[in-house]
Amino acid sequence: MTSIKDSLYSQPLGQINSFAFDDHVAKVFPDMIQRSVPGYQTMITAIGLLAGRFAKPNSICYDLGCSLGAASFSMRQNICVENCKIIAVDNSSAMLEKFESILKPEKTPIELHCADIRNVEIKNASIVVLNFTLQFLPVEDRQALLAKIYDGLLPDGALIISEKLAFEDVRQHELQIDLHHEFKKSQGYSDLEISQKRTALENVLIPETFVQHQQRLKSVGFNSAELWFQYFNFASFIALK
Ligand code: GEK
């Protein structure tokens, strides 16, 4: 998808408001996420491959926190089975309007729902994707969402969770943050853009450690939960029912 260059934090801002998925962000989103999340495109491509493997006939694939639909489109490209649909959910109407404007009917339909993922029913699911969405929920709401997803998955279904990670070891934590900032610089972001965006995301994006994620996944019933991808402090888990 072509996209306008993200320069939202390029000028000094008197006051930095908390980050929100509004119209300004939706307009530049493909450029923003591509230049901010190391390995983003690799993960999107792989989510398609995973959907090709896990999508079952007569089932539903969920893309929770879909933004402009990159993961939904990648899944749709790879789903070959009959009578499968993708339900894509986001609570940002700005994101969903843009997603709808580029959505064309195809064999595997994509249904858009403007809703909070905490209130969405999950049923008959063969694959559920949370690609950098869980990190925006209050920590105390994460367990209930994952338990609902586990219950709504079919036997042998898969949950894909991509997240920014924290690290228990302070030196490791600081190193990984630094490496991420170097990645952003290599993508053309200035020190000012990096630092203002970091402030905007404080208390909005709350990263947890690998162990916290894995333990929570196991506690809701997933007996197998492993990383399949990591690039600095950005990682993706696959949990199997
Ligand atoms: C991608 N998955 O391109 N309910 C619904 N949507 C939510 C909620 C919520 N409670 N909280 C946040 N969102 C996408 C990228 S972006 C990640 C996902 C990022 C939505 C929010 O509106 C935004 O569109 C998305 O989750 C997170 O593969 O920007 O780092």
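With helices as the sole contributors, the chain gives -13000 deg cm²/dmol at 222 nm; each DSSP H run of n ≥ 4 counts as -39500 (n - 2.57), and the sum is divided by every residue. For the stretch 68-136 and the stretch 1-33, write down the distance between their C-alpha centroids in whole Å. Using only Cα atoms to place each centre, the spacing works out to 22 Å.
Here the Karplus curve 6.51 cos²θ - 1.76 cosθ + 1.60, taken at θ = phi - 60°, turns the phi angles of the stretch 214-228 into couplings of 5, 5, 5, 4, 5, 5, 8, x, 5, 8, 9, 8, 9, 7, 10 Hz, with x standing for Gly and Pro.
Cross-link partners of LYS85 among lysines, defined as those whose alpha carbon lies under 22 angstrom from its own and excluding same-chain residues fewer than eight positions apart: LYS56, LYS98, LYS104, LYS107, LYS123, LYS148, LYS241. From least to most packed, judged by other beta carbons within 10 angstrom and beginning with the fewest, LYS185, LYS104, LYS197 follow the order LYS104, LYS185, LYS197. Taking amide H atoms as placed 1.01 Å from N in the peptide plane, the amide H of LEU103 has no partner under 5 Å among residues 5 or more positions away or on other chains. Of the GluC sites (Glu not before Pro) in the stretch 178-218, the ones in a loop by DSSP (not H, G, I, E or B) with at most 14 other beta carbons within 10 Å are GLU202.
DSSP assigns beta bridges within the chain; of those with both partners inside it, close to 40 percent run antiparallel. Backbone geometry of the stretch 26-34 corresponds, through the Karplus equation with coefficients 6.51, -1.76 and 1.60 at θ = phi - 60°, to 3J(HN,Hα) couplings of 4, 4, 10, 4, x, 5, 4, 6, 4 Hz, x marking Gly and Pro. The HN-Hα couplings worked out from phi for the stretch 137-149 by the Karplus form 6.51 cos²θ - 1.76 cosθ + 1.60 (θ = phi - 60°) are 8, x, 3, 5, 9, 6, 4, 5, 5, 5, 5, 5, 5 Hz, whole numbers, x standing for Gly and Pro. Counting only residues at least eight positions apart within a chain, or on another chain, the lysines with an alpha carbon under 21 Å from that of LYS184 are LYS5, LYS27, LYS164, LYS197.
List the GluC sites (Glu not before Pro) within the stretch 46-138 that fall in a DSSP loop (any state other than H, G, I, E or B) and whose Cβ has at most 13 other Cβ atoms within 10 Å. Walk me through the numbers on the way to the answer.
Details: sites: GLU82, GLU97, GLU100, GLU106, GLU111, GLU121; in loops: GLU82, GLU106, GLU121.
Listed in order of number, the matching sites are GLU82, GLU106, GLU121.
Every read-out reported here was derived from the displayed coordinates using simple, explicitly stated rules and does not represent laboratory data. None of the values given here were measured: they were computed from a predicted structure. Cβ atoms come from the backbone with ideal geometry, glycine included; neighbour counts cover every protein chain shown.
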